[in-house]
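Visitor: Sharing a structure below in structure tokens format, with a few things to ask.
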Amino acid sequence: MTTTTPAIGSVPRTAPGGTDRRKPGSPRRRAGWAGLVFIVPGFALYLLVIGWPAVQALLISLRDYKITPGAESPWIGLANYTRALHDPVLARSFVNAGVYMLTTVPTQILIGLGLAVLLDTVLPGRTLFRVLFYLPVVTSWVVVSLLFQYLFATDHGVVNWFLVDVLGVVGHPVNWLGQRWTAMVAIGALGVWKGVGWSMLIFLAALTGVPRELHEAAALDGAGAWRRFQHVSMPFIRPTMVTVVILLVIGGFNVFTSVLLMTNGGPLDQTQVPLTYMYRQAFGYLDFGYGSAISFLLTGLVLVIAGLQYWWARRTADGGAK
């Protein structure tokens, strides 16, 4: 009786459980097809709603696009991008967006994290406070922008009334929305007030995942509240903080509604940000080619900044692990 020995490296036809992996009706193959059934519709919808319009916008940015039906839209290559790189108003808009981001992101993180730490403790009425702090997040941008426009109005504005009549720290009303930097202060205040509840909620969810046993052990070793937060909570919530920072930076450069409604980029384009300037070029002057070019420049900048943040966070985490 002879015994046939399978060749080295050959793959057995039958799995250990007795199921033929190459059989068309095997569970593994059916699971793969089932996964494709769920993935393909969503991916197709993404290509239809996001991918195809993005490709069309890229092509528009390379043309002197005319919206008039039947009008010719000549190919001009990178002329719109060259124009954008030499546009002083666009450069100012990027500076304004950067200032907005640099002032609102750290403020939202510090206040949001502080509120999350407080609400993670045993505090009377903390559920009510969570709702109150999160309420601005779900409020319409249009409503709160008009509200802050009223608050920071030069005449009969609540902020000027408080500074002039109540505190007496200034002798005359401040023209908040009529000057570049005071207007950016008002817009930044709105961004912080509306966004801090979102940061709080994300940090609070992360803090609830920190094991209480570690806090109790650290307290028994004599660690105070700050030491417990620094050495127990922070290592657990660091990945969440990286995500929050990246999302807030992206949101900071994408500020739009508050600037459009509070100042409309004025006075004299002093408070323009990239999206409001792009909106004016595309829908105000019907220069869709230039507007599309601005949108892709903004997208590229945001992707680069987000990529650098992610790289730095990974490098810091790897260094800490070593």
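Visitor: Which pairs have Cβ atoms under 6 Å, sit 6 or more apart or on different chains, and link a residue in the stretch 200-229 that is touching a residue at least 60 places away in the same chain (Cβ under 8 Å) to one that is open to solvent by 40 Å² or more (accessible area, probe 1.4 Å)?
Guide: Cβ pairs passing all conditions: M200/F133; L201/Y134.
Visitor: Just the residues that are of a type outside the set (G, A, S) and touching a residue at least 12 places away in the same chain (Cβ under 8 Å), please, taken from the stretch 152-181.
Guide: F152, T154, D155, V159, N160, P173, V174, N175, W176, L177, Q179, R180
Visitor: Which condition number does P267 fail, the rest of (1) outside any loop (DSSP other than H, G, I, E, B); (2) open to solvent by 20 Å² or more (accessible area, probe 1.4 Å); (3) in contact (Cβ under 8 Å) with a residue 40 or more places away in the chain being met?
Guide: The one condition P267 does not meet is (1).
Visitor: Among the residues of the stretch 281-296, count how many are more than 16 Å from R63 (Cβ to Cβ) and modelled with pLDDT of 95 or more.
Guide: 0
Visitor: Then there is this: If only one of M234, M241, M278 is open to solvent by less than 50 Å² (accessible area, probe 1.4 Å), free of Cβ contacts under 8 Å to residues at least 12 places away in the same chain and part of a helix (DSSP H, G or I), which one is it?
Guide: Numbers: M241 fails: free of Cβ contacts under 8 Å to residues at least 12 places away in the same chain; M278 fails: free of Cβ contacts under 8 Å to residues at least 12 places away in the same chain.
Within the list M234, M241, M278, the selection yields M234.
Visitor: Of the residues P16, P41, P88, which single one is out of contact with any Asp or Glu (no Cβ under 8 Å at 6 or more places or on another chain), at pLDDT 95 or above and open to solvent by 60 Å² or more (accessible area, probe 1.4 Å)?
Guide: Going through P16, P41, P88 in turn, the sole match is P88.
Visitor: Then there is this: With the checklist (1) surrounded by 14 or more Cβ atoms within 10 Å (Cβ to Cβ); (2) at pLDDT 90 or above; (3) assigned to a helix (DSSP H, G or I) in hand, flag the one item R228 doesn't pass.
Guide: Result: R228 passes all but (2).
Visitor: Within 25 Å of M200 (Cβ to Cβ), within 26 Å of the chain's Cα centre (by Cα), modelled with pLDDT of 90 or more and open to solvent by less than 40 Å² (accessible area, probe 1.4 Å) - does that describe any residue in the stretch 119-126?
Guide: no
The values are calculated or read from the model by the stated rules, or taken from the named source; none is laboratory data. Since this is a predicted model, take the numbers as computed values, not measurements. Because the Cβ atoms are built from the backbone with ideal geometry, glycine has one as well, and the counts that use them run over all protein chains shown. Side chains are part of the model used for accessible areas, which takes the heavy atoms of the whole protein and leaves out ligands, DNA and RNA. Shrake-Rupley method; radii C 1.70, N 1.55, O 1.52, S 1.80 Å.
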